[in-house]
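First the structure, in the form of structure tokens, and then the observations on it.
The values are calculated or read from the model by the stated rules, or taken from the named source; none is laboratory data. Computed from a predicted structure; not experimentally measured. Quick reminder, even Gly has a Cβ in these numbers, built from the backbone with ideal geometry, and neighbours come from all protein chains shown. Surface accessibility is based on the protein's heavy atoms, side chains included, excluding ligands, DNA and RNA. Shrake-Rupley method; radii C 1.70, N 1.55, O 1.52, S 1.80 Å.
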Amino acid sequence: MKRDPELNHKIMSSIKGKDTGIELLLRKALYRKGLRYRKNARGVIGHPDILFKGLKIAVFCDSEFWHGKDFEANKAKLMTNSAFWIKKIERNIARDKEVNEALGKDGYLVIRFWGAEIEKDLASCVETVASAVRERKTRLAKRAGQS
């Protein structure tokens, strides 16, 4: 069933690009764990949702719809303006790959979580990030000791 185009427009235009619920959930949990980060870092390609700049760790909180989780299976469910949405979401998927590649070439560790992962298993997501932070700090300390 198709929705009224005006209602669709209102819903879609109210969606935020940053400080989303999943980002806030993960950021608050990381902060409680004592981890300090930058948010929505503008000077880094892809503007990571959470950035540990000195450690070169970029964390992204991706919503399933906008970033195309199971997109091939869900593509047929797009009822309104499907050509536009298919093109947009496919471009988002491609951009995510480009960002991962560029950050990787620059020495960043890229961690991506789906929104459902954050909501269902926040502790595991926090531990993934905390573990990466510990590992990178250890590696930096070893390098500093060799200098």
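Of the conditions (1) modelled with pLDDT of 85 or more; (2) open to solvent by 40 Å² or more (accessible area, probe 1.4 Å), residue 62 satisfies every one except a single condition; which number is it?
Single failed check for residue 62: (2).
Considering only the stretch 22-35, state which residues are touching a residue at least 12 places away in the same chain (Cβ under 8 Å) and open to solvent by 30 Å² or more (accessible area, probe 1.4 Å).
Once the filter is applied, which keeps residues that are touching a residue at least 12 places away in the same chain (Cβ under 8 Å) and open to solvent by 30 Å² or more (accessible area, probe 1.4 Å), the stretch 22-35 yields 25, 33.
Out of (1) exposed (fewer than 12 other Cβ atoms within 10 Å of the Cβ); (2) at pLDDT 95 or above, what's the single condition that is false for residue 144?
(2)
Of all helices (runs of 4 or more DSSP H) completely enclosed by the stretch 38-147, which ones contain at least 2 residues that are within 14 Å of the chain's Cα centre (by Cα)? Lay out the reasoning, then the answer.
Numbers: elements: 64-67, 71-74, 82-105, 115-120, 122-146.
Those helices (runs of 4 or more DSSP H) span 64-67, 82-105, 115-120, 122-146.
Given the residues 134, 139, which is the only one that is open to solvent by 50 Å² or more (accessible area, probe 1.4 Å) and at pLDDT 95 or above?
Just a single option satisfies the conditions, and that option is 134.
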